[in-house]
Amino acid sequence: TRQLRRLGASCDWANERFTMDEGFSKAVVHVFVELHRRGLLYRDKRLVNWDPHFRTAISDLEVETREVQGKFWHLAYPLADGSGTISVATTRPETMLADMAVAVNPADERYAHLVGTMVRLPITGRLIPIVADEHADPELGSGAVKITPGHDFNDFEVGRRAGIAPADMLNMLDAEARIVQCGGVPDALIGLDRFEARKAVVALLEAEGALEKIEDRLIQTPYGDRSGVVIEPWLTDQWYVDAKTLAGPALDAVRSGAIRVVPETWKKTYYNWLEDIQPWCVSRQLWWGHQIPAWYGPDGTAYVAATEAEAHAQAGVEVALTRDPDVLDTWFSSALWPFATMGWPEADPKAMGRYPNDVLISGFDILFFWDARMVMQGLEFMGDVPFRTLYLHGLVRDATGAKMSKSKGNTVDPLGLIDRFGADALRFTLAAMESQGRDIKLDEKRVEGYRNFATKLWNAARFAQSNGIGGSTTQEPPSATLPVNKWIVAETIRTVQALDLALADLRFDEAANTVYQFVWSRFCDWYLELIKPAVSGVERGAVDAETQAVAGWVLDRILVLLHPFMPFITEELWHALAPREHDLIVAAWPMADARGLDPAAQAEIDWLIRLIGDVRAARAELNVPPGARLAAHLRDADVETVARLERNRAAIERMARIAIDPAPAPTGGAAQVVVDEATYVLPLEGVIDLAAERARLARAAEGAEKERDALAKRLGNPGFVEKAKPEAVDKARADLAERSAEADRFRIALKRLG
RNA sequence: GGGCGCGUAGCUCAGUGGUAGAGCACUGUGUUCACACCGCAGGGGUCGUAGGUUCAAUCCCUACCGCGCCCACCA
């Protein structure tokens, strides 16, 4: 929570909850008792994934399969009547001590005559039957397979089918996976660790001549995800939740769209898991956690109740009861989070309007552990989905792309990054890099870049402050008459629209990039540069109040839009720029009302930006000294352009460092800049390299011609004109005309140069 | 074995059936009074490979190659 606080997570910290809190614990007990009452939770003796290091049962999800180099031992079990042997193979030879059968496929004619006969198990000398079972695959190995019901999930099922009750299944291991007596295990083996026992058993088999051969092979081995030791299937009594029944409604909720999953591709994963779900083992032999609300009588009968008194009510007051010492899987309580946090079952979160939630934002790594189980429990106990949208984001990985984990110790400490670049920069980085369905390799350079962005914003605000700009909180933009102001208002509204769309789609990267591009490339690079003369009073001899008001309004909008990404700096600037009635965090989100915008003004500024840009590019390419002011003589300019030039004279002179000269261009060397219909001739006799200017113009002409020819070719294709969408054809025609005219103008300029 | 994802500029990544984008890095340049954590200009990609569909494919389909993840009882 320290990290979250420093990141500026706007949680309701006054309502912090911990699953072990008293109120939450009551909800956990209630759910356990209720599930039991509804027949959805029961005690069962069956094989469980057992962690011999922590000496506890774990759930299927806590087992990770690793491929390791192992061996495959082929054993020869003698037939009881002495007529020969039958071959079986195993990757875990020590388990033969607890073998209770050999299985062959009922359709396997090779062994049909042996079914029902006995085998004398090596080492222990026990007689075990040869049984017919579909599990045995005739294609694999010898076609016969040893059956150890107490130590293998498949064999457990085979054993049951063969009529062996779980209570009668041989169990050869203790909780720490050491050999115990069962079915005639030699004393020498008792107490050996399972891996020591393996060596010993192999040696004994070899001595008996029962070892046929040993092969190297890769084997899939289960490991505990926390302990890292090999998991043993172990026969114990545990509490299980009937996950299959709970999964039905959870599947329907996503199938019907009651829960929207983003990105959609995760739906399939969700379905696959829930459709094939196994009983969920929820008891743990640990001392830390919610203790299971079950009491046992002297005869082992379990009484599930919220309190010991209620258990006595079931068992009878005179019966001595002992509480189950086990605790619940931590995810059992976590699954109740969406409603147990709000006082349920005493309070009714639905009536409070706090259930369902809108969006759950979650890493995909806990989709099964937590998300799906919240859906199951939420539907079972609240009768509704816990959240309407499930957003699954990528995982932050280390520089090499490996998943960060506490146990591996390769975590990136967000606090260190915050210390160096600020929480705002880190938040913006994570948002900008969070594109759906992809992990994030955290790049420090990126964080640094967004730190720079924050600094840029800071400096822009400083500029505003020193020019009387700031503190215009109205939703409606101030009235604007100047094209530059109309333009930035339109750009702002466009940005709000784009941001709204991106956020509605949960595209945080798109949202971040949109606002970044607007603030830096539009507002700072163009708008602030364009209005400098106006707000400093240089232009008209007095500061322009309209521009101040518009700039202040835009800056305010920027702070609001940026706040979700960069809450700290924006809140600071919000208060620094003007006295405010409330904090930025509760400011109204900007409206995206595009009515009343002036397209002509927008077109004018777009033209202005093109003109300044083209002049700058020509100057840079021709190595004109940056400080030099040049005259620009007009050719072919229409009335509209002349008017625009007049309206934007100051900005053009300032930013392109040219002065429009009505006089015809003098003869001699000159650079020529073509923007739309007009050509701007910049006399540079003796200053520029004519060859360089010729090359520049020729390159521009060739570029336009190349595009012109490509368009002409496409339009010359009958297939295109007939089959393409009319809009595409129209656009191609318009582009062709434009490129063609442009190419001509460059050629004319080139010719003029001589 | 089943499922999913990725392979686009040097790096990290967006993206679209109709002439390829961002940030960083790189090159040139700059003492214009918000900012060098900056400005201006610029170079750089046969969009993994091979087929197919289409007037048109980086984008759709198929196969293949490489990388990653999840699930799974082949003894």
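The values are calculated or read from the model by the stated rules, or taken from the named source; none is laboratory data. Everything quoted here is computed from the prediction, not taken from an experiment. Neighbour counts run over all protein chains shown; Cβ positions are idealised from the backbone, glycine included.
Quick rundown of the values:
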read-out	value
Residue within the range A:595-605 that is away from RNA strand B (no atom under 16 Å from the Cβ) and closer than 16 Å to A:Asn459 by Cα present	no
Matching residues in the range A:606-638 - criterion: being within 9 Å of RNA strand B (Cβ to nearest atom) and either touching a Ser or Thr at 6+ places or on another chain (Cβ under 9 Å) or assigned to a loop (DSSP other than H, G, I, E, B) (or both)	A:Asn623, A:Pro625, A:Pro626, A:Gly627
Residue within the range A:646-668 that is in contact with a strand residue (DSSP E or B) (Cβ under 7 Å, 6 or more places away or on another chain), within 13 Å of RNA strand B (Cβ to nearest atom) and part of a helix (DSSP H, G or I) present	yes
Candidate set: the range A:379-410, residues that are surrounded by fewer than 14 Cβ atoms within 10 Å (Cβ to Cβ) and more than 10 Å from RNA strand B (Cβ to nearest atom); chosen: the one modelled with the highest pLDDT	A:Gly383
Candidate set: the range A:176-221, residues that are acidic (Asp, Glu) and out of contact with any Phe, Trp or Tyr (no Cβ under 7 Å at 6 or more places or on another chain); chosen: the one modelled with the lowest pLDDT	A:Asp216
Close pairs (9 angstrom Cβ cut-off, 6 or more residues apart or separate chains): in contact (Cβ under 8 Å) with a residue 24 or more places away in the chain in the range A:459-486, near RNA strand B (Cβ under 9 Å from one of its atoms) and among the basic types (Lys, Arg) anywhere	A:Phe463/A:Lys532; A:Asn467/A:Lys532
Residues of the range A:239-259 satisfying the condition of being assigned to a loop (DSSP other than H, G, I, E, B) and either among the charged types (D, E, K, R) or free of Cβ contacts under 8 Å to residues at least 24 places away in the same chain (or both)	A:Asp242, A:Ser256, A:Gly257
A:Leu682 vs. criteria more than 10 Å from RNA strand B (Cβ to nearest atom), at pLDDT 90 or above and not aromatic (Phe, Trp, Tyr)	yes
Selected residue [within 19 Å of the chain's Cα centre (by Cα) and in contact (Cβ under 8 Å) with a residue 60 or more places away in the chain] from A:Leu442, A:Leu426	A:Leu426
The range A:425-448 - residue that is modelled with pLDDT of 85 or more and touching a Ser or Thr at 6+ places or on another chain (Cβ under 8 Å) and, of those, surrounded by the most Cβ atoms within 10 Å (Cβ to Cβ)	A:Val447
Single residue of the range A:541-599 satisfying the filter (assigned to a loop (DSSP other than H, G, I, E, B) and among the aromatic types (Phe, Trp, Tyr)) that is nearest to A:Ala432 (Cα to Cα)	A:Phe565
Residue that is nearest to A:Gly613 (Cα to Cα) [pool: residues in the range A:502-554 that are polar (S, T, N, Q) and at pLDDT 90 or above]	A:Ser521
Selection count where residues are surrounded by fewer than 20 Cβ atoms within 10 Å (Cβ to Cβ), outside any loop (DSSP other than H, G, I, E, B) and within 7 Å of RNA strand B (Cβ to nearest atom), scope the range A:455-480	5
All helices (runs of 4 or more DSSP H) inside the range A:260-379 with 2 or more residues being over 21 Å from A:Ile58 (Cα atoms)	A:266-275, A:308-315, A:337-340
Some residue of the range A:640-657 being surrounded by fewer than 19 Cβ atoms within 10 Å (Cβ to Cβ), more than 20 Å from A:Leu530 (Cβ to Cβ) and without any contact (Cβ under 8 Å) to a residue 40 or more places away in the chain	no
Those residues of the range A:141-180 which are among the small types (Gly, Ala, Ser) and within 15 Å of RNA strand B (Cβ to nearest atom), in sequence order	A:Gly141, A:Ser142, A:Gly143, A:Ala144, A:Gly150, A:Gly159, A:Ala162
Of residues in the range A:700-731 being loosely packed, with under 12 Cβ neighbours inside 10 Å and more than 7 Å from RNA strand B (Cβ to nearest atom), the one nearest to A:Val675 (Cα to Cα)	A:Asp730
A:Ala76 vs. criteria away from RNA strand B (no atom under 13 Å from the Cβ), part of a strand (DSSP E or B) and touching an Asp or Glu at 6+ places or on another chain (Cβ under 9 Å)	yes
